[in-house]
1. What does the C-alpha gyration tensor say about the overall shape of the range 147-271? Classify as rounded when a/c is under 1.5, otherwise prolate if a/b is larger than b/c, or oblate.
2. Gly390's amide H: which non-local residues (gap 5+, or another chain) put their own amide H closer than 5 Å, with H modeled 1.01 Å from N in plane and none for Pro or chain starts?
3. Excluding residues fewer than 8 places away in the same chain, name every one of the aspartates and glutamates whose C-alpha is closer than 12 Å to that of Lys18.
4. Ordered by residue, what ³J(HN,Hα) values in Hz, to whole numbers, does the range 455-470 give under the Karplus form 6.51 cos²θ - 1.76 cosθ + 1.60, where θ = phi - 60° and Gly and Pro are x?
5. Along the range 161-170, what does the Karplus equation 6.51 cos²θ - 1.76 cosθ + 1.60 (θ = phi - 60°) give for ³J(HN,Hα), rounded to whole Hz, x for Gly and Pro?
6. Hey, any idea what Rg/Rh is for the range 1-129, computing Rh the Kirkwood way over Cα pairs?
7. Hey, fewest Cβ within 10 Å first, where do Met653, Met438 land in order?
8. Any chance you could run the full-extension gain for Arg387 through Arg417? It's 0.36 nm times the residue separation minus the Cα-Cα distance, nm to one decimal.
Amino acid sequence: KNEMGTLRTFHRAPEGFKSAAEIGGKVLGFLKQAAEASGDIPFSRTVVTVPASFQLAQRRDTARAAELAGIQVGGGDLLDEPVAALFDFLVSHPGKMEVEHGRQRTAVVFDFGGGTCDVAVLRMERPRDGGLELSPLAVSRYHRLGGGDIDRAVLYEVLLPQILEQNGMGAREFKYETKKFVLEPTYISVAESLKVGLCQEIRRLQGFGKYREKDRPGVAKTLPGRYGCVLAGRAVHLQSPRLGALEFEKLLEPFLDRGLLYASETEYRLTCSVFAPLQDALDRAGLEPDGVDYCLMVGGSSLIPQVAAAVGDYFTKGELLAYEDPADAQTAVAKGAAYHSLALALYGRSAFRTVAQDPIALRTSSGRLELIPRRAALPYPEKGWARKAGLAVPATSVREPVGLKVEVIAGDEAAERPLMSARWDIPAPVNRGEGLSMEYRLDENQVLSFRIFTESDPGAASFSCVIENPLTNVVNPGEVRTRIQKAEEELRSGSVPKEAVPQKLADIARDYAELNQHERAVTYLERALRLKGSPDPTMLNLLGIYHCRLGDHQSEERCLRESAQHGRWAAPLFNLALCQWRRKLHKEALKTIDQAIERDNDGPSQTMRAALCKDMGDHKAGEASLKEAFRLFGAISGMEDWELGWYITACDMAGKGPELGKARDEQKRRKAGRGPVSDQGVLPELKGGLVRR
C-alpha cells in the first residue's frame, strides 16, 4: 500500500506482480472471488477504501488495481478510511456521537494499525434539512509507525536478552545480519503474541478494577513451549518467553511521549510517539486538543490499554470512543465501506455529504473571486464544469508576453491561506481588457482542476493546473518517495553528469533522512564523499547528524568535528553540542556550544547554552545567555523554521507568555500553509459573470 502511486517496480517479480497496482489487483481479486463464493446474491456496487492521505496518483493506482481485479469503481466508490470508520461507528452506536441540528462537532479518527498510524480531523454538521455533512480538515499519516514497531521493541528489548541468557551468550554474540535477518523473522511472531496476550490480560484486569499500581509487578504473559532456530550450525532456543507489565510499560514510554515527537531509528527498529501524528494533524487543522469533541479509536494497535489511556488523557474535553469488541475495532473500515456501498446501491448517493469547510477563491486586482462557496457539496459542480466569465487581461503588449499572476486561495479574508501561485505568460499581441474565462471542478476525491483561457480563442493559449486536497492539510511521504525513485532512476540510467553525481547522492540521502531511514542516508552520503574525493563540510555535517540519530556517537563526533575543521561555519559544532546534551553530557556540550558561539553568536546557540547552564545548576549564567538570545533573535516572521523552534524554547524558559503564544501561532500558520506565494506577474482584472455548463 505504501508503494501505491510511486514509480517503484519489482523487476524480478513474475508477470502480474511487477508494480504495487498489479499486486493490489491480485489482493482485490482474491477478495472479490471470496465474496462471490460466499453467497448466491450478486453484488452491484463495490467500494474500495483508501487512506485519507492518498494523493491523486495513489488513488489512480488504487482504481487501476480494482480494474485489474474486475471491479469497476466510479465517483464515490473510493472512500477515505477514516470516513468509513466514522460511518460504521455512527451506524453501530446510534446516539453515542451526538451531532445536533445546526451544530458543528469536531472528531478525530485515530487509526493505529500494524504498520501505519493515520490521524484524520473531520468537522461534522447536521443542517436543518437533515442528513450529515463531513468536512475533512487535516490528515497526518506516519507510514512507518505501527504495532509492528512495538513488536520489534519487545523482541530487541525483552526477548533478545532472554535468548542470550538462556543460551549462555554475550551481548555482542550476534552481528547485525544475524539479528535482523534470522532472529527477527524467527521470533517476531512470538513478540506479537506476547504483546497481544498481555494486553488482553490487562484489559481483563481493568474490567475488575485489579490493574492498580500495586498489582502491576505480578502481571505478565508467558508463552509455554520451546522456540528455537539454528545459527551457523548451532541450535539456539527460547524457553517459555515472558513479557511483564512493568517492562512493557517501560518500552512503551517513547511511543507515548508528548514532549519528544521526533522519530528515533536504529538499524533494527523505529521508535516514534503516537502523539507526533496527532499533534501534527491538530496543528495543520489549527486546533488545540480541547477543541476536539470526539476521538474515535480504530485499528488493532489502538487496543493497547496504555495507548487508549494516553490518548484519552490528551483530549481533556473530548470524549474517547472505542469499540467494545476488539474485532470490531479492526473491521470498522471494512464495515463502513459496506454500509456506504449499500447506500449507493439503494439510493444512488451516500448517507452523508462531503462538503467544503472553506471557500476557495481566485485573487484578482479587484479582490477575491469566489470559485467554491463554503459548505458546497462535493463534487462541485455536481456534473460537468463550473465556469467564470468576465476576467480580463491586465495589460497591453505588442511583442512581449503579459505575465498573469494566477493565485488561488482558501478560507475567509481574515484567515486566508494560499493554495497555489504561478505565472502564466499570455502570448503577444494582447490588449488590456481582453476577456479571460476560467473552467474548474472540485471532484469527490478533493482534486481541484482548472483552466484559464482567452475568450477570443479558447482552444489556443491556456493555463491549466491541478491542486490536490485544497481543503485538507495532508502530510504524506509519497512525494518524497517519488522524488527518491526518480533520482535513483536517473543515476541508474546514467543521465546525471559525472561531476553532479555526489550532490545527487547527497540529495537522495536528505530525502531518505526525511523518511527516517537514516541508515540508508548514511550509505548514500558515504558514497557521495568517496566519489567527491575531498572533505565536504556540508555532507560531513549531515553524516554526523544521521550517525547521531542511529546512536553511533563515535562516528557522529568524528564527522561533525571533521566538518568543523574544513569549514568556518558553526552548524556542525551546534549539532554536536545538541547530541551531547541529549546524551546528558552537559560539560562536553557546554564546551562545544561555546566553540560554536565563537564562530557565530546567534539566538539558538545562546538558548541552548542557557538550557545547559540551568541543567547544570548555574542559573545566573543561564539567565545571562537567555537575555543574550532574545537580543539576537530577529522578528519571528523572518526566522527559519528551526530558529522559530528555538525561539519558542527560549520563550518557554523565560516565561514570556504573550511572545510564546505569538510564536506558536506563527508555527501553526506555517504548518497549515501551502508554500510561498509567487510575486511575479500581474493579477487579472475582474468584470464578473458566472455561467455553468
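No lab work stands behind these numbers, since they all come straight from the coordinates. These figures come from a predicted structure and were not determined experimentally. Counting neighbours? That spans all protein chains shown, and the Cβs are built from the backbone with ideal geometry, glycine included.
1. The shape class here is oblate.
2. For Gly390, whose amide H was placed from the backbone, the distant partners under 5 Å are Leu436.
3. Glu3
4. Whole-Hz 3J(HN,Hα) from phi for the range 455-470: 5, 5, 8, x, x, 8, 5, 7, 10, 10, 7, 10, 10, 8, 6, x.
5. x, 5, 4, 4, 5, 5, 9, x, 10, x
6. Values: Rg = 17.6 Å, Rh = 16.9 Å.
So for the range 1-129, dividing Rg by the Kirkwood Rh gives 1.04.
7. Values: Met653 18, Met438 21.
Taking fewest neighbouring Cβ atoms as first place, the list is Met653, Met438.
8. Numbers: separation 30, 0.36 × 30 = 10.80 nm, distance 2.28 nm.
Gain on extension, Arg387 to Arg417, equals 8.5 nm.
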